Structure formats: structure tokens, C-alpha cells
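S.K.: I have a structure here, written as C-alpha cells, and I will follow up with some questions on it.
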Amino acid sequence: MLAVAAPSYLASHEAPRVPDDLLHHHCIRFRPPSGKLYRWEFQQRGHDITLDVPGALTLNRVEYMIEAALRGLGIAFVPDRPVNPYIADGRLVQLLDD
């Protein structure tokens, strides 16, 4: 899973440096078929971090989340395979990659 955002979003919002910084961002949240909001999971220096990120936009498909991120609507947390081409061509920026 990767946290990604468009350069247009980052032009007006400072990039998060640590997972807790996400609490001050517009995040594009995911609601799977179970109906429970997906909590974002990170590992930092050997510690697991789970966040219930804020965000007014909640979607139920990864493709929609990527499209919203491409439009500069916020930070998405999505699987790496579908966003790698957008990172490679500069339309999305990977965040919190450490």
C-alpha cells in the first residue's frame, strides 16, 4: 500500500513527514463491502501505526480513489501496482515512503 497525492494537492498542502501528519490532511478514505472504513496501516522504525484518517471523501473502489488523487482532491492510500505508472510519469507522488 502506498500513500500518494497529486503535485497539485502538494502545491497547497505540506507533504506529510510522519503518519500522524495525515491527521491534518484531506484523505481519500476507502469503505470495503463490509461497510467498515479502512484504517491506514504503516510501520515506522519497527512499530505498527494504524490511523483512522480524516476526509470528507469516502469511496468504495480503488480506481475511484486513484482518480480522486489525480484530480488533487487529497491523499489516497492504495495498492502499489495500479499507481506505479502514475508515480513513474509524475502525475502522483509517493508519500511517507520510509
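Listed here are the residues, each with its yes/no results for (1) over 11 Å from the mean Cα position of the chain (by Cα); (2) modelled with pLDDT under 95; (3) more than 16 Å from Gly74 (Cα to Cα); (4) of a type outside the set (D, E, K, R).
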{"position": "Pro16", "(1), (2), (3), (4)": "no, no, no, yes"}
{"position": "Asp21", "(1), (2), (3), (4)": "yes, no, no, no"}
{"position": "Ser34", "(1), (2), (3), (4)": "yes, yes, yes, yes"}
{"position": "Gln44", "(1), (2), (3), (4)": "yes, yes, yes, yes"}
{"position": "Asp48", "(1), (2), (3), (4)": "yes, yes, yes, no"}
{"position": "Leu59", "(1), (2), (3), (4)": "yes, no, no, yes"}
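S.K.: Also, I was wondering about something else. Does Arg39 meet the test of being on the phi > 0 side of the Ramachandran plot and modelled with pLDDT under 95? Please lay out each step first, then the result.
M.R.: Values: on the phi > 0 side of the Ramachandran plot: no; modelled with pLDDT under 95: yes.
No: the conditions fail for Arg39.
Residue-wise test of (1) surrounded by fewer than 19 Cβ atoms within 10 Å (Cβ to Cβ); (2) of a type outside the set (Phe, Trp, Tyr).
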position: Asp21; (1), (2): yes, yes
position: His25; (1), (2): no, yes
position: Trp40; (1), (2): no, no
position: Asp48; (1), (2): yes, yes
position: Leu57; (1), (2): yes, yes
position: Gly72; (1), (2): yes, yes
position: Pro79; (1), (2): yes, yes
position: Val83; (1), (2): no, yes
position: Ala88; (1), (2): yes, yes
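The values are calculated or read from the model by the stated rules, or taken from the named source; none is laboratory data. Since this is a predicted model, take the numbers as computed values, not measurements. No Cβ is skipped: glycine too gets one built from the backbone with ideal geometry, and neighbour counts run over all protein chains shown.
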